[in-house]
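Following: one structure in structure tokens, then a few remarks.
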There are 2 protein chains.
Amino acid sequence: MKIFTAIKDIQTEILKQKSLGKSIGFVPTMGFLHEGHLTLINKARQANDIVVLSIFVNPLQFGPNEDFSTYPRDFERDSALAESEKVDFLFCPSVEEMYPNEPSIKVIVQERTDVLCGKSRPGHFDGVVTVVSKLFHIIMPTRAYFGKKDAQQVAVIEGLISDLNFPIELIAVDIVREKDGLAKSSRNVFLLPEERQQAVVLYKSLNAAKAAIDQGERNSSRLMGIIQEMITSESNGKIDYVEILTYPRLMPLEKLEGRIIIALAVKFTTVRLIDNFIVDID
Amino acid sequence: MKIFTAIKDIQTEILKQKSLGKSIGFVPTMGFLHEGHLTLINKARQANDIVVLSIFVNPLQFGPNEDFSTYPRDFERDSALAESEKVDFLFCPSVEEMYPNEPSIKVIVQERTDVLCGKSRPGHFDGVVTVVSKLFHIIMPTRAYFGKKDAQQVAVIEGLISDLNFPIELIAVDIVREKDGLAKSSRNVFLLPEERQQAVVLYKSLNAAKAAIDQGERNSSRLMGIIQEMITSESNGKIDYVEILTYPRLMPLEKLEGRIIIALAVKFTTVRLIDNFIVDID
């Protein structure tokens with residue numbers, strides 16, 4: 001595994017590989033890798049000649065009161081995991097390398113962002129599409145791998161690729177969960193012990209909603225009610241949002257039909273967790 | 001020469017060429033080709049395996065009261081010229097092909113745009129960097145060729161490439177002029193006969209300013225005065241702006257030093273012309 005910190009170096013190496021006809025699979029991450037990331041790497045390994053993993057905690061996508069400085073980092077462990085998963089190139093630039101100046105060019109997204117995480121994180125997705133555009137230009141992947149836990153991010157990046165005609169195939173990979181159902185996340189380490197036990201309620205409430213749908217429930221408000229009540233009664237977490245929208249357009253809906261997303265975010269003492277089910281309604 | 005109208009078709013063809021290690025020279029235009037464009041094509045032809053010319057009048061970069069609908073178009077003539085200049089691929093998408101929906105993703109530029117053409121054309125450069133980003137993703141050029149007549153556009157695209165890390169070399173090519181000095185432009189056809197004669201004053205006034213600099217003048221206001229007076233007295237054109245700025249940062253300057261741009265825009269009856277000199281001051 002080759003480790004790159006300079007944009008110019010990896011860009012030169014990738015251009016060389018591409019001129020040899022090699023396909024590039026790219027897994028962009030903020031590091032502190034968990035099994036979810038390793039699944040992405042694995043999928044990339046199966047389908048591409050070269051696998052590139054990036055680790056970059058992107059300040060542009062954190063709000064002023066968010067957890068940029070405390071976001072967990074462990075380069076030694078990440079690097080060892082990447083090597084054992086047969087990553088070819090690890091790209092881990094500094095903030096100064098990625099943003100040597102206040103950028104004069106930004107990519108902005110005007111749809112799908114006034115719902116879910118976009119509502120409580122203004123500017124977050126502009127930061128995401130700007131850094132992802134930069135990374136796409138640096139790595140020039142054939143295929144890019146994203147986890148469905150950030151379902152809104154997947155939808156926004158689907159829009160980015162399509163609206164700006166990136167020659168890239170987006171591969172969205174299923175959520176990987178702990179044994180009790182909690183979605184894997186780098187932020188889970190910040191749960192207090194009792195919160196870690198309670199956090200399973202995110203998954204449990206999504207399952208309850210899904211079960212109600214299977215039994216014929218088609219009323220969106222009642223489904224959200226089921227989830228809200230379960231989270232409130234079985235945890236000390238504070239609900240940030242519970243929403244049911246069309247997927248991937250993320251439009252509000254009256255009657256449940258077609259492909260929908262049930263998504264939620266819950267704040268615990270020092271960490272905010274998200275989870276979602278994407279459900280096809282007959 | 002192969003002609004493409006579908007994004008998917010040319011993108012597939014380019015990916016094939018790139019995987020064979022071919023270099024791609026790209027000349028993006030709005031068509032109605034003149035010798036300036038042909039010079040760009042020539043430069044691209046000399047340095048690249050494949051030359052791609054695009055013709056697309058981009059609605060996003062025209063304001064509501066600007067000349068999008070009347071911008072001159074002549075596909076037959078352009079196509080014949082492209083063929084005779086040994087263009088390999090001609091890409092001429094429809095507006096619907098480039099913008100099938102109102103785009104949810106935009107690229108915006110926050111520097112170098114409150115001066116020169118940016119002042120009287122709000123949103124113009126956002127439209128430019130958005131379409132250029134799309135074209136760069138579609139054509140994936142090794143080198144992209146732009147004329148220095150749009151010096152601000154060159155500066156903005158320099159920023160686009162650098163801030164978003166496009167793996168592309170920008171080649172800025174000198175202005176090509178008519179025999180009397182008028183900068184070649186697709187819009188020159190709209191000059192009335194007497195305006196065509198008067199229009200040489202743009203070039204003449206830039207030369208007068210340059211002569212004053214050569215004789216030791218270093219006062220920016222006095223230089224602008226020389227230009228304004230000459231344009232006003234020798235034409236019926238209305239001055240949109242005369243500005244002297246650093247280049248390529250396009251910052252205001254007190255004392256003339258280093259690389260500067262003297263740029264101007266003049267409105268005639270139905271057309272607005274621009275011209276500039278880039279001057280290195282000892």
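The values are calculated or read from the model by the stated rules, or taken from the named source; none is laboratory data. Everything quoted here is computed from the prediction, not taken from an experiment. For neighbour counting, all protein chains shown are included, and Cβ atoms are generated from backbone atoms with ideal geometry for every residue, glycine included. Note: areas computed on protein heavy atoms with side chains; ligands, DNA, RNA excluded. Shrake-Rupley method; radii C 1.70, N 1.55, O 1.52, S 1.80 Å.
A compact table of results
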item	result
Mean residue ellipticity (222 nm) of the protein assembly as shown, computed from DSSP H runs ≥ 4 via -39,500 (n - 2.57), nearest 500	-12000 deg cm²/dmol
Ranked order, B:LEU264, A:LEU192 - accessible area, probe 1.4 Å, largest first	A:LEU192, B:LEU264
The range A:89-155: chymotrypsin sites (Phe, Trp or Tyr not before Pro) in DSSP coil with no more than 15 other Cβ atoms inside 10 Å	none
Copy-to-copy label separations for B:ALA211, where each label sits 7 Å from Cα toward Cβ, in nm and ascending	9.1
Shape category assigned to the range A:120-182 from the gyration tensor of Cα positions, a/c cut at 1.5	oblate
Area of B:ARG45 that stays accessible when all protein chains are in place (1.4 Å probe, Å², to 10)	70 Å²
Kirkwood Rh and Cα Rg combined as Rg/Rh, the range A:186-281	0.99
Cα-based shape type of the range A:2-173, given that a ≥ b ≥ c are square roots of the gyration tensor eigenvalues and the cut on a/c is 1.5	rounded
Inter-copy separations for B:LEU253, label at 7 Å along Cα-Cβ, nm, ascending	6.0
Span from the the range B:174-201 Cα centroid across to the the range A:1-63 one, whole angstrom	51 Å
List of the range A:129-146 residues, accessible area with partners at least 40 Å² below that of the chain alone (1.4 Å probe)	A:LYS134, A:HIS137
Calculated FRET efficiency for the pair B:LYS179/B:LYS238, C-beta based, R₀ 30 Å, to 0.05	0.70
For the protein assembly as shown, accessible area per residue (1.4 Å probe, heavy atoms of protein chains only), Å²	44 Å²
Within the accessible area of chain A (1.4 Å probe), percent carbon and sulfur	49 percent
Antiparallel DSSP beta bridges within the range A:51-188, percent to nearest 5	10 percent
Global form of the range A:149-239, assessed from the alpha-carbon gyration tensor, a/c cut-off 1.5	oblate
Across B:LYS149/B:LYS255; A:LYS2/A:LYS149; A:LYS8/A:LYS119; A:LYS149/B:LYS18; B:LYS18/B:LYS134, pairs whose alpha-carbon gap is larger than 26 Å	A:LYS2/A:LYS149; A:LYS8/A:LYS119; A:LYS149/B:LYS18
Accessible-area value, B:ASP180, 1.4 Å probe, nucleic acids and ligands omitted, Å²	60 Å²
Pairwise FRET efficiency - B:LYS2 versus B:GLU76, Cβ, R0 = 22 Å, nearest 0.05	0.85
Unit charges at the beta carbon, dipole of the protein assembly as shown: most positive-side option, A:ALA199, B:SER79, A:ILE213	B:SER79
Solvent-accessible ranking of A:TYR203, B:TYR99, largest area first, probe 1.4 Å	A:TYR203, B:TYR99
Nearest-first distances (nm) between copies at B:GLY123, label 7 Å from Cα via Cβ	2.4
B/A buried area, accessible surface, summed, 1.4 Å probe, Å²	2700 Å²
Calculated FRET efficiency for the pair A:GLN215/B:GLU254, C-beta based, R₀ 51 Å, to 0.05	0.10
Probe 1.4 Å - accessible area at A:CYS117, Å² to nearest ten	20 Å²
Test item: Cα-centred dipole of chain A, Lys/Arg +1 and Asp/Glu -1 on Cβ, debye	280 debye
